[in-house]
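Have a look at the structure below before the remarks.
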Amino acid sequence: MKPLASRTGRISTSQTVAIDAKYKRLKAEGRDVLSLGAGEPDLDTPESAKLAAIESIRMGRTKYTAVTGLPELKAAVSAKFARENNLAYPPADIVVSSGAKHAVFNALLALVEEGDEVLIPTPCWVTYPELVRFLGGVPVPIPTSLETGFRASAARIEAAITRRSKLLILNSPGNPTGAVYPEAELVAIAEVLVRHDLYCLSDEIYEHIVYAGVRHVSIASLGAEIFARTLTVNGMSKAYAMTGWRIGYTGAPPALASAIAAIQSHGTHHPANVSQFAAVAALTEDVAFPAMLRDHLDACRRLALERLARIPGLKVFPPEGAFYVFFDVSAYLGKSHGEGLVRTSLELCEYLLETRLLATVPGSAFGLEGYLRISFACDPDLLVRALDRLSEGLSALT
Ligand SMILES: Cc1ncc(COP(=O)(O)O)c(C=O)c1O
């Protein structure tokens, strides 16, 4: 048979899939397995969104919509950008997609050519480098560390720029670390991007989930020049606990918004009509939901940090946003558990799952070895039980 397209060889399912498959198998077998791996809020979708979706089905609003989204939704997103982010994207420059992940894919399809370099502060969300490689681009990781607050400085970004650099992917608040870029650092980064004529893909999906007085700033709001070269991606998944509805959106300069619309018109056409009605209701009727969700997650965050502080040898980065804790477990690597050595963060995750029935995510999945990521977006009782298992599992290593 003829071979598959060569681009399929440039993308892989994430290394955490094996862990996830094992977790699901144990669960299906009825084992008492706990997961701190999930990337979604544990609260239910707002009632207004559910009712709007039911109503839209009853009213027969179940046909195609415009490619870039329902006019009502684009108006609501445009108002949201103005109200919450100080961004003036008219509805014509907004494309609604099937989740922020799809919005990121569309944006990269519109920008990345063979050999283009894409700067990515790392550790980072796994999807960014995979998609860049898939499109023939070259992901250029900009290493960050716990000591530098897991943020890339303007100077480090500038030092990584070459003739082939096309764009920077910025994710603040960030997955997996929860780092948030303060305004002054964004001003300096924007200045570098403008000076070197680079685009910025700003993934702001965790914008509402910030703690302890930390403020999220949209880089595109920092001046006309950076606005003209930034795509601002956001969506309903995290702030409105609507992961399964698959609604994301992009505000972009007009030429990019048109290119993305053309790509989407031949790819997915538009996100599900019913989900779009749900998103309109959430954005217009449930503006207080994100703050309520954040308060719930903040209580979980404090609980998680308090429990992790009791475990010797961990170096924990207190997250300023998102709902993950990323912590250094290198003190436990190289130790043994009777049957073998735990050498890497992936092996530590496998060990915790097999012996303590606890699912976590290895730092290597995000481009930084020696760390684990846990999600604290879960019921507090479950969180305590899971972190007890982590503590017991680590202390059993010798
Ligand atoms: C940084 C980041 N961007 C985007 C997404 C995807 O969001 P959506 O569910 O809207 O596709 C995630 C999900 O984990 C994420 O962590």
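Worth a mention:
- About the centre of its Cα atoms, the chain shows a dipole size close to 740 debye [charges on the beta carbon of Lys, Arg (+1) and Asp, Glu (-1) only; nearest 20 debye].
- Rounded if a/c under 1.5, otherwise prolate or oblate - segment 109-266, Cα gyration tensor axes: rounded
- Projecting the Cα atoms of Thr8, Asn85, Leu297 onto the dipole axis of the chain, where Lys and Arg carry +1 and Asp and Glu carry -1 at the beta carbon, places Thr8 farthest toward the positive end.
- Here the calculated FRET efficiency for Glu183 and Leu303, from their Cβ-Cβ distance with R0 = 22 Å, stands at 0.15, rounded to the nearest 0.05.
- The alpha carbons of the chain stretch over 61, 58, 54 Å along the principal axes, in descending order.
- For the options Arg151, Arg356, Arg385, a Gaussian network treatment of the chain with springs between C-alpha atoms closer than 10 Å singles out Arg385 as fluctuating the most.
- Only helices enter this figure: runs of n ≥ 4 DSSP H residues, each worth -39500 (n - 2.57), summed and divided by the residues of the chain, yield -12500 deg cm²/dmol at 222 nm to the nearest 500.
- Listed residue pairs exceeding 31 Å between alpha carbons, taken from Lys50/Lys101; Lys24/Lys50; Lys166/Lys315; Lys22/Lys166: Lys166/Lys315; Lys22/Lys166
- Around the Cα centre of segment 274-398, unit charges on the Cβ atoms of Lys, Arg, Asp and Glu (plus for the first two, minus for the last two) sum to a dipole of about 340 debye.
- Choice from Thr232, Thr68, Thr144 with maximal GNM fluctuation in the chain (Cα, 10 Å cutoff): Thr144
- Antiparallel bridge percentage (DSSP; both residues within the chain; nearest 5): 50
- Per-selection Rg to Rh, segment 179-253 - Cα, Kirkwood hydrodynamic radius: 1.01
- Shape of segment 213-314 from the C-alpha gyration tensor: prolate (a/c of 1.5 or more and a/b above b/c, with a ≥ b ≥ c the square roots of its eigenvalues).
- From most to least packed by mean Cβ count within 10 Å, the peptides 207-214, 54-61 give 207-214, 54-61.
- Residue ranking by accessible heavy-atom surface, 1.4 Å probe, largest first, among Val384, Val33 comes out as Val384, Val33.
- Spacing of the two label points (7 Å from each Cα toward its C-beta) at Leu341 and Arg215, in nm: 5.0
The values are calculated or read from the model by the stated rules, or taken from the named source; none is laboratory data. Computed from a predicted structure; not experimentally measured. Cβ atoms come from the backbone with ideal geometry, glycine included; neighbour counts cover every protein chain shown. Side chains included, ligands, DNA and RNA excluded: accessible areas come from the protein's heavy atoms. Shrake-Rupley method; radii C 1.70, N 1.55, O 1.52, S 1.80 Å.
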